[in-house]
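> Questions regarding the structure given below will be posed in turn.
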Amino acid sequence: TQLSKKPRILLLAVIITAVQALVLAGISIWSAIAIISGDVLSVVSALFLTGLLLAAATLMGNVALGMFRLKRWAYTPSFVLQLLIVSIGVASFSGEFGLAVIGFALLLPAALVFFAMFSKPVRMLFRSE
């Protein structure tokens, strides 16, 4: 089958990226519920943030699908999205509300996707199209 021909490390990267997309979608739903219930200080800012979260979830879901289908366009955005996640993860270690747990929860999956996408079998798959 087509699924068995793909390297397992690519499937790991696809699964992690898809889970990240689902988490972003869940956070955007949570944000929308907060807006509806009136738990926000600025409705305009909360609406904008919710829109950004929905856009990011949609983009990440499309990238995961493109990675699974071995579309060349999905290779670079997978790195860019993981770099954005890494930047948030690194920032989560410091500051007034910094939590190392959040930092590691963001950094470890991103590192796995980086490792998977930089592995030789995966690079060759995306070059051969």
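> Looking only at SER31, SER87, SER42, which one moves most when the chain is put into a Gaussian network model with springs between Cα atoms under 10 Å?
With Cα springs under 10 Å in the chain, the top fluctuation among SER31, SER87, SER42 is at SER42.
> Same structure, new question: Considering only protein heavy atoms, what per residue accessible area in square angstrom results for region 75-129 with a 1.4 angstrom probe?
In whole numbers, region 75-129 has 63 Å² accessible per residue.
> Over the chain, what percent of the accessible surface lies on carbon and sulfur atoms, probe 1.4 Å?
So the carbon and sulfur contribution to the accessible surface is 75 percent.
> Also, quick follow-up: What is the packing order of peptides 56-66, 18-28, 116-126, taking the mean over residues of other C-beta atoms within 10 Å and listing the highest first?
Averaged packing, sorted descending, gives the order 56-66, 18-28, 116-126.
> Quick check: pseudo-label points 7 Å beyond the Cα along Cα→Cβ at VAL44 and TRP30, how many nm apart are they?
Taking the simple label geometry, VAL44 and TRP30 are separated by 2.7 nm.
> Hey, got a sec? Which trypsin sites (Lys or Arg not before Pro) in region 30-122 land in a DSSP loop and have at most 16 other Cβ atoms within 10 Å?
Working: sites: ARG69, LYS71, ARG72; in loops: ARG69, LYS71.
Listed in order of number, the matching sites are ARG69, LYS71.
> Go through region 56-99 and name the chymotrypsin sites (Phe, Trp or Tyr not before Pro) that are in a DSSP coil and have 12 or fewer other Cβ atoms within 10 Å of their Cβ.
Taking region 56-99 and a limit of 12 other Cβ atoms within 10 Å, the loop chymotrypsin sites (Phe, Trp or Tyr not before Pro) found are PHE97.
> With +1 on each Lys and Arg Cβ and -1 on each Asp and Glu Cβ, how big is the dipole of the chain about its Cα centre, in debye rounded to the nearest 20? Walk me through the numbers before you get to the answer.
On the way: 9 positive and 3 negative charges, 190 e Å.
Roughly 920 debye for the chain.
> At q = 0.13, 0.24, 0.25 Å⁻¹, what log₁₀ I(q)/I(0) does a Debye calculation on the Cα points of region 72-129 give, no solvent, two decimals?
For region 72-129, the Cα-only Debye profile gives -0.40, -0.88, -0.92.
> Let me check against my output: what whole-number percent is the relative contact order of the chain, with C-alpha pairs under 8 Å and at least 6 apart?
Working: 121 pairs, mean separation 37.8, N = 129.
Over the chain, the number comes to 29 percent.
> Need one number: convex hull volume per residue for region 18-92, Cα atoms only, in Å³.
In region 18-92, the Cα hull volume divided by residue count equals 88 Å³.
The values are calculated or read from the model by the stated rules, or taken from the named source; none is laboratory data. Given the structure is predicted, the values throughout are model-derived calculations rather than measurements. Cβ atoms come from the backbone with ideal geometry, glycine included; neighbour counts cover every protein chain shown. All accessible areas refer to the heavy atoms of the entire protein, side chains included, with ligands and DNA or RNA removed. Shrake-Rupley method; radii C 1.70, N 1.55, O 1.52, S 1.80 Å.
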